[in-house]
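Q: After the structure tokens below, expect a handful of questions from me.
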Amino acid sequence: MLYESLYRKSHKTCYLLGYQCYKAPDDLKLSAGTAAKIALRNRNLGLEEYRFMVRTMVRSGIGEETYIPRNIMEGREMSPTLQDSLDEMTEATFSNLDSLFARSAVSPCQIDILVTTGSLFAPVPSLSSRIVNHYGMKEGIKCFSLTGMGCSSSVIAVDLVRQLFNTHPNSFAVVVAVELTAPNWYGGTDRSMMLSNILFRAGGSSLILTNHPSWKDRAILKLDAVVRNHVSDNEAYECAIHVEDNQGYVGARLTKALPTIAMRALEGNLRVLLPKVLPLWEILRFVVASYYWKTRMMGEKDAKSPVIDMKTGIQHFCMHTGGRAVIDGFEKSFGLGEYDMEPSRMSLHRFGNTSCSSLWYVLGYMEAKKRLKRGDRIMMVGLGAGFLCNTCVWTVMRDLEDVNVWGDCIDRYPPGTLVVNRMDEILDWIFDDCMSFINFQDYDRTTLFAR
């Protein structure tokens, strides 16, 4: 009986053997100059829309080395083809998996479970079927294709694998997270929908997991806990949604309420997660401090409400790179510091918001900086449409120092001064008072850019 209990427990453990993030070719880097040219191609935008776009881009926290798909770089963003989407998906998927299989010493034919996730492109056959066909995987493989769950879906995919491991001992699983931008450029004038063009960039990630006890020594992380939270009121449901605007243009609408909804969803999630991962004495300290504040200090001037110290049980924080406002809100709400948020801010700056794959770029930064030591704990926070907040906590199995996609630039981060984006310098003429007296739609914008 004891042996059977220990056997079942050992096969419920989920280990991460490796992960790989996608870095596009250098000819797809989006400099400020290229971004300005792409913006000026949209003849639907008026002067005020351009001013809004430039201000938002400069404040977004995104740098000038992110990547965009080839059809947008070539000026075909308003007329993407199916092949454009398939090309982006293929590039972001198979190069990652080739590298991952080679590094992990796991063969594609050993994979028992395959989960793919991506919200805005669902080809037939599915991405999972294309992967099985490409590598000639076993016929009995269990395939799952998740869609519509937004930026938090890679944590959902990991949780699905964890649950499947309960009934599939000695198994290997692959998770592929890729969100396509090629077919999803927004060409209208709704400011809440223009944000998607500013924030989202090309990217993808792949990971291999196992519950095989004999592979424990090869693992880099062990999954400790997963908590999923779904805020379902109307405001939360509509704060990140794929819709058609009044002009007939389709895109992702991100409302002003999104940062507030994200923090509300995260607070609800952490009420369940933190008692599982923080020491009991910290939970008790926070409860007592909160009670004292509510009964004695509430209403007093300059009296700050107590904040739970998450660093008593968690050393590293992978925050979804949804935007500067979301990262700043997380830092402020939970009493974290610049050092804690540095990986998320630098990932947003270097790679932009890569949606469901973004957490793994943040993890890659931590590893490249040699921060991850044996026994450390990492918390991942994924936020997505619905509105979803999904978190998980990993334990580091050994000291990690692989550079992944950060190899060519990690020594430059963090810079002494974070130069975010020079788009306001290139398009400074947009803010001239004289521009308000001309019909901007009828102007030759290439001539204006030449200034």
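Q: Any residue that is at pLDDT 65 or above, surrounded by 15 or more Cβ atoms within 10 Å (Cβ to Cβ) and touching a Leu at 6+ places or on another chain (Cβ under 8 Å) - is there at least one of those in segment 401-415?
A: No; the residues of segment 401-415 include none that is at pLDDT 65 or above, surrounded by 15 or more Cβ atoms within 10 Å (Cβ to Cβ) and touching a Leu at 6+ places or on another chain (Cβ under 8 Å).
Q: Another question about this same structure. Taking residue 129 as the residue in question, decide whether it is at pLDDT 95 or above, within 21 Å of residue 89 (Cβ to Cβ) and of a type in the set (Gly, Ala, Ser).
A: Yes.
Q: Can you name the residue in segment 247-269 that is within 19 Å of residue 184 (Cβ to Cβ) and of a type outside the set (Gly, Ala, Ser) and is also surrounded by the most Cβ atoms within 10 Å (Cβ to Cβ) among such residues?
A: 258
Q: Pick out the one residue from 222, 216 that is surrounded by fewer than 19 Cβ atoms within 10 Å (Cβ to Cβ), in contact (Cβ under 8 Å) with a residue 24 or more places away in the chain and not in a strand (DSSP E or B).
A: Matching residue, one of 222, 216: 216.
Q: Please state which of the following conditions residue 116 fails to meet, knowing it meets all the rest: (1) in a helix (DSSP H, G or I); (2) β-branched (Val, Ile, Thr); (3) within 15 Å of residue 356 (Cβ to Cβ).
A: Of the numbered conditions (1) in a helix (DSSP H, G or I); (2) β-branched (Val, Ile, Thr); (3) within 15 Å of residue 356 (Cβ to Cβ), the odd one out for residue 116 is (1).
Q: While we're here: Of all residues being over 22 Å from residue 21 (Cβ atoms) and polar (S, T, N, Q) in segment 166-196, which is least open to solvent (accessible area, probe 1.4 Å)? Just the residue, please.
A: 171
Q: Within segment 258-365, which helices (runs of 4 or more DSSP H) (wholly inside it) include 3 or more residues that are under 27 Å from residue 205 (Cβ atoms)?
A: Result: 258-277, 324-333, 338-351.
Q: Report, by residue number, each residue of segment 143-198 that is at positive phi and assigned to a loop (DSSP other than H, G, I, E, B).
A: Within segment 143-198, 148, 170 qualify.
Q: Still on this structure, please answer the following. Mind checking which pairs have a first residue in segment 290-308 that is within 20 Å of residue 278 (Cβ to Cβ) and modelled with pLDDT under 80 and a second that is surrounded by 14 or more Cβ atoms within 10 Å (Cβ to Cβ) and of a type in the set (A, V, I, L, M, F, W, C), Cβ under 6 Å, 6 or more apart or different chains?
A: Short answer, once both residue conditions are applied: 305/293.
Q: Please determine, by comparing only the residues of segment 14-35 that are out of contact with any strand residue (DSSP E or B) (no Cβ under 7 Å at 6 or more places or on another chain) and buried (at least 22 other Cβ atoms within 10 Å of the Cβ), which one is nearest to residue 154 (Cα to Cα).
A: 23
The values are calculated or read from the model by the stated rules, or taken from the named source; none is laboratory data. Keep in mind it's a predicted model, so treat the numbers as computed, not measured. For neighbour counting, all protein chains shown are included, and Cβ atoms are generated from backbone atoms with ideal geometry for every residue, glycine included. Ligands, DNA and RNA are excluded from the accessible area calculation, which covers all protein heavy atoms including side chains. Shrake-Rupley method; radii C 1.70, N 1.55, O 1.52, S 1.80 Å.
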